[in-house]
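Structure record follows, encoded as structure tokens.
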Amino acid sequence: MAVAAIGKYEFEPADALEKFHGAQLLYIGWEDHLLFCAPFAFPFPPTMPFRAVVEEVLPGSFGYHPDFARIDWAQAEWFKSGQPWRPDFDKSLAENGLRHKDVIRFRTPGLRGIAGSCS
């Protein structure tokens, strides 16, 4: 089916960086755990240490899953925009190269959801 364009589509995004008062959106998802159907969006200051995200934020979002307490963060595999990536837990989000609306995901070897179901 042919598509007819109605003209140039220009608009200011509703989620532009300037609208977050010094914070930036970071999307975080957990691979092989479809109980969480999509990455969560978090507004974080770029100066926030990556360790604080993992230790203080992720438990409140993913912690009710039975696999979460068993995560070995030293073995977790990280992806940034689909590519393998290794964060430095002691550096800030900005120092880790994370920018507004970046997507990161983590995979936890040996943990594939409830009874291995990816849920």
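Of note:
- For ALA94 and ILE114, the FRET efficiency from 1/(1 + (r/R0)^6), where r spans their Cβ atoms and R0 equals 41 Å, is about 0.70.
- Antiparallel beta bridges, as assigned by DSSP with both residues in the chain, represent about 70 percent of the total such bridges.
- Kirkwood analysis of the chain, using all unique Cα-Cα pairs, places the hydrodynamic radius at 15.9 Å.
- Here each label is just a point 7 Å from Cα along the line to Cβ, and for ALA16 and LEU34 those points are 3.9 nm apart.
- Cβ crowding within 10 Å ranks HIS100, HIS33 as HIS100, HIS33, fewest other Cβ atoms first.
- Relative to the Cα centre, the charge distribution of the chain, modelled as +1 at Lys and Arg Cβ and -1 at Asp and Glu Cβ, gives a dipole magnitude of about 200 debye.
- Listed residues GLN83, THR108, SER61: farthest to the positive end of the dipole of the chain (Cβ charges): GLN83
- Order of TRP30, TRP85, TRP73 under a 10 Å beta carbon neighbour criterion, fewest first: TRP73, TRP85, TRP30
Throughout, read-outs are computed from the coordinates displayed, never taken from laboratory work. Computed from a prediction, not measured in an experiment: that's the story for all the values here. For neighbour counting, all protein chains shown are included, and Cβ atoms are generated from backbone atoms with ideal geometry for every residue, glycine included.
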